[in-house]
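First up is the structure itself, then whatever we jot down about it.
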Amino acid sequence: MAGWTSTFTAQERVVSHGRVTAPSRISGPSSTFFSSRETFSSPCTPSPCGDNTYCEVSRTGYAQCRCVDGYVPDKNTIIGCKPQCVGDYECPDDFRCQGSKCVRVCVQGACGLNAHCEARNHQARCFCPTGYRGNAEHRCSQEEIEVRRIPAAEPVNPCDAYPCGVNTDCNERGGRAVCTCKIGYDGDPLTECRRGQCLENQDCPQNMLCRSLKCFDPCSDPRDYCAPNAVCTTTRHQVVCSCDRNYRGDGVNSCERFDPASLCSPSPCGGNTNCRVQNERAVCSCIDNYLGNPLTGCTPECVNPCIGLCGEGAHCNVRNGQALCSCPKFYQGDPYIRCSAECTAHDDCRPFQACAEYKCVNPCEEACGKGADCKVEDHTPICSCPSGYTGHPFEGCRPFTDDDYCNPDPCGSNANCQVGRNKIGEKVPVCTCPEYYIGNPLSACQLGSCRSNNDCPSTQACYKYECKNPCVSPAGSVCGINANCKVEKHVPICSCPEGYEGNPIQECSIPSRRRYVNRRRK
């Protein structure tokens with residue numbers, strides 16, 4: 001009969017009100033992990049955990065998988081752990097990817113003395129505050145206040161006549177009017193300035209960047225960004241360079257030609273093996289009639305003298321060519337007939353118990369962190385933080401604070417998050433668009449097209465930061481029945497059409513005398 005050894009299944013855990021999995025130990029039949037009968041092994045040998053993890057054994061004998069420093073679960077730790085980030089696009093806008101971690105861009109020392117720092121598109125932008133000037137990346141100095149004698153009569157401001165074009169700003173300098181285009185506009189300030197395509201990368205499609213108020217494709221000439229033999233793609237306004245097939249390198253500095261056949265020459269496999277290239281990887285396998293680990297070496301296949309010798313649940317060991325049967329640890333009985341224990345699998349125990357070291361035990365003992373609740377479902381301990389608490393239920397739970405409602409930020413890009421209350425008085429995160437921004441704060445807020453009527457064409461007016469026809473409101477026309485509406489200098493003007501009279505704001509109608517004459521003619 002086949003022997004028994006320790007195998008692993010998934011143990012369900014609850015983290016921040018969502019479930020993940022970690023290993024738990026069961027016992028069952030197996031002939032995969034050994035060629036001879038062995039005693040019960042540690043639940044971490046072999047490790048059931050994924051890449052970039054380490055395995056710990058709890059007091060009750062459960063294997064717990066944890067991420068190594070700087071990594072986060074890839075769905076769960078049984079699948080493995082992955083770096084927190086591989087590029088800036090995986091971090092919030094005010095963070096950047098450094099050493100596989102998302103770090104803030106506006107930290108102490110990012111800008112010069114007295115300068116302010118603003119995070120945009122994963123980069124720190126330094127600027128001097130009002131009343132200061134200089135190179136914001138090095139030092140901002142307070143401006144000197146020039147004291148002038150007040151003249152007897154205030155001179156005429158040359159900008160009063162506003163000699164500048166459309167969408168411009170006029171400033172007096174040295175007694176002269178100086179015209180400049182408004183921020184985000186380009187053109188001749190003496191005639192007309194037109195709105196540019198963009199102010200920053202977020203104003204462009206995700207596969208384009210913003211430069212000189214225009215959206216452009218950085219991969220139109222990949223030589224500006226990528227190495228030869230590399231493919232250029234733009235994702236979320238970030239240029240990504242990757243080497244072509246059969247080439248290797250970082251894609252930015254170099255891509256060197258690579259021959260896949262060289263993976264097996266010389267062979268990385270052990271003795272008595274075959275090496276083949278599959279998906280640009282060397283794959284080792286034992287030659288026919290040989291068994292073993294192809295990475296270290298394979299040996300000739302032999303007949304197992306233990307087959308059919310021992311009783312149910314017994315172990316078989318070969319010594320000096322002879323098979324010896326024995327009951328495993330915690331088992332009893334005749335090893336040539338049957339070895340039995342209280343349990344060999346979770347299903348041998350009651351639903352609120354689990355099988356550990358062939359005994360039915362409470363799986364909740366020492367399974368959860370401080371302050372966490374534990375319940376058993378189908379032999380599996382499930383840890384969770386109670387209502388009003390947060391944290392990692394396997395490490396510890398703590399009461400909610402106001403900072404937890406907006407961290408992580410549930411709002412869309414450019415939106416503000418603050419703590420409010422719902423209709424029944426419970427605290428909830430509230431998302432709002434900042435001043436001059438429009439959109440759905442739960443998905444994204446965008447800078448409005450205007451701040452005042454002067455930002456719109458003369459035939460439109462600024463309404464909730466958007467240029468719209470002032471003759472039309474959500475309820476319909478702003479003028480009365482039968483009235484006409486035209487816009488002059490952003491203002492709607494109502495008038496009765498020819499042959500009508502009345503108040504155009506309320507209603508225009510045909511004069512009663514004309515209606516009487518028309519009836520007589522009929």
For segment 201-220 the number of residues that are closer than 17 Å to GLN446 by Cα, loosely packed, with under 14 Cβ neighbours inside 10 Å and touching a residue at least 12 places away in the same chain (Cβ under 8 Å) is 1
Answer yes or no as to whether SER387 is closer than 30 Å to SER443 by Cα and either loosely packed, with under 14 Cβ neighbours inside 10 Å or small (Gly, Ala, Ser) (or both). yes
Being over 35 Å from the mean Cα position of the chain (by Cα) and either among the charged types (D, E, K, R) or under 17 Å from CYS198 (Cβ atoms) (or both) is the filter here; which residues of segment 438-456 pass it? ASP455
Inter-residue pairs, beta-carbon under 9 Å, first more than 22 Å from PRO260 (Cβ to Cβ) and in segment 270-299, second aromatic (Phe, Trp, Tyr), 6+ apart: ASN272/TYR290; CYS298/TYR290; THR299/TYR290
Could you name every one of the strands (runs of 3 or more DSSP E) located completely within segment 462-506 that has at least 2 residues being in the same structural domain as GLY439 (by TED's automatic domain parsing) and touching a strand residue (DSSP E or B) at 6+ places or on another chain (Cβ under 8 Å)? none
ASP403 - would you say it is within 26 Å of the chain's Cα centre (by Cα) and assigned to a helix (DSSP H, G or I)? yes
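Kindly indicate which of LEU295, LEU291 is surrounded by fewer than 16 Cβ atoms within 10 Å (Cβ to Cβ), within 30 Å of PRO335 (Cα to Cα) and not β-branched (Val, Ile, Thr). Can you show your working first?
On the way: LEU295 fails: within 30 Å of PRO335 (Cα to Cα).
Criteria check complete, one pass: LEU291.
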For segment 75-96, indicate whether the set of residues that are assigned to a strand (DSSP E or B), closer than 25 Å to CYS411 by Cα and over 13 Å from the mean Cα position of the chain (by Cα) is non-empty. no
What number of residues in segment 219-234 are at pLDDT 90 or above and not in a loop (DSSP other than H, G, I, E, B)? 6
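The values are calculated or read from the model by the stated rules, or taken from the named source; none is laboratory data. All values reported here derive from a predicted model rather than from experimental measurement. Cβ sites come from the backbone with ideal geometry, for glycine too, and all protein chains shown count toward neighbours.
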